[in-house]
Amino acid sequence: MKPTLMLREFAIYQGYLDRPTQDALVNDIREIVAAAPLFSPETRWGKKMSVRMTSAGRFGWISDRSGYRYAEEHPQGMAWPPIPDRVMNIWNDLSQSSRSPECCLVNWYGEGARMGLHQDRDEADFTCPVVSVSLGDEGLFRVGTQERKGSTESVWLKSGDVVVMGGAARLTHHGVDRIRFGSSSLLPQGGRLNLTLRVVT
C-alpha cells in the first residue's frame with residue numbers, strides 16, 4: 001500500500017482505519033488501560049507532561065526523574081498487557097519490518113495537551129520504523145529535521161490516520177503542537193489517543 005501523503009520522509013496513510021476498526025481499537029485500548037492504568041509521567045527535571053500514558057507489549061516507555069527509558073513493568077509494578085492483535089495487524093501491513101514490535105506506547109491527549117519536538121532515540125535498532133496510529137480528536141503533527149533547531153512543517157492528523165517513521169524519518173524531530181478538542185466523535189468525552197509501535201532491543 002502506498003502512503004497518501006509524504007511529509008519529509010514521513011509516510012502518512014490518511015483514513016487508513018475505517019470507523020468500525022477505530023471503535024474496536026478503542027475497546028482494545030480500554031482493556032490495556034484496565035490492566036495497566038494511565039499515568040502522568042514527569043521529565044527528568046521534575047515537570048509533569050501534559051499527556052497521560054501507558055503501554056502494551058514486553059516493554060513500556062516511562063519517564064521520571066531518573067530519565068527516559070523502557071521498563072518491563074508499569075510504575076505500579078504490574079507487567080504490561082500484550083499488544084492487541086488488531087494493533088499488530090497495522091504493523092504487519094505497513095511497517096515493512098521483519099521484526100515485531102516490543103512496545104505499544106499509548107498516549108492520551110486531553111484538552112490543551114501537547115508533545116514537544118523530540119527524537120525517538122531510546123531504542124537499540126534505528127533500522128526499525130516507528131508506526132504511529134491516531135484515534136479521536138485531530139492533532140497538529142509537526143516534523144522538523146534531525147537537528148533540533150531545523151525548519152518545520154505541519155499537517156493535521158485525523159482519526160484513523162497512520163504514520164510510518166522509517167528510513168530518513170526515523171531520527172527526525174517531531175511532535176504534536178495541539179489538538180482540536182471535540183473534533184471527533186470517536187471518544188465520548190473527547191481527546192486524542194495515539195499509539196506508537198516500536199522495536200526496543
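If you go through the range 59-94 and keep only what is among the aliphatic types (A, V, I, L, M), surrounded by 15 or more Cβ atoms within 10 Å (Cβ to Cβ) and not in a loop (DSSP other than H, G, I, E, B), you end up with ILE62, VAL87, MET88, ILE90, LEU94.
Can SER50 be described as hydroxyl-bearing (Ser, Thr, Tyr) and without any contact (Cβ under 8 Å) to a residue 24 or more places away in the chain? Taking the combined requirement at face value, the residue does not satisfy it.
Just checking, does the range 139-146 include any residue being of a type in the set (A, V, I, L, M) and surrounded by 21 or more Cβ atoms within 10 Å (Cβ to Cβ)?
Keep residues of the range 139-146 that are of a type in the set (A, V, I, L, M), which gives 140, 143.
Okay, now just the ones that are also surrounded by 21 or more Cβ atoms within 10 Å (Cβ to Cβ), so 143.
Within the range 139-146 (the criterion being of a type in the set (A, V, I, L, M) and surrounded by 21 or more Cβ atoms within 10 Å (Cβ to Cβ)), the answer is yes, since at least one residue qualifies.
With the condition kept exactly as written, say whether any residue in the range 100-107 is over 14 Å from the mean Cα position of the chain (by Cα) and either under 16 Å from LEU197 (Cβ atoms) or modelled with pLDDT of 95 or more (or both). Yes - at least one qualifying residue is present in the range 100-107. Would you confirm, using the coordinates I've provided, whether ILE12 is in contact (Cβ under 8 Å) with a residue 40 or more places away in the chain, buried (at least 17 other Cβ atoms within 10 Å of the Cβ) and within 18 Å of GLY166 (Cα to Cα)? Spelling it out, ILE12 is indeed in contact (Cβ under 8 Å) with a residue 40 or more places away in the chain, buried (at least 17 other Cβ atoms within 10 Å of the Cβ) and within 18 Å of GLY166 (Cα to Cα). Of the strands (runs of 3 or more DSSP E) lying entirely inside the range 95-170, those containing at least 1 residues that are in contact (Cβ under 8 Å) with a residue 12 or more places away in the chain, of a type in the set (A, V, I, L, M) and within 19 Å of ALA24 (Cα to Cα) span 103-109, 130-136, 162-165.
The values are calculated or read from the model by the stated rules, or taken from the named source; none is laboratory data. Just so it is clear, the model here is predicted, and its values are computed rather than measured. For neighbour counting, all protein chains shown are included, and Cβ atoms are generated from backbone atoms with ideal geometry for every residue, glycine included.
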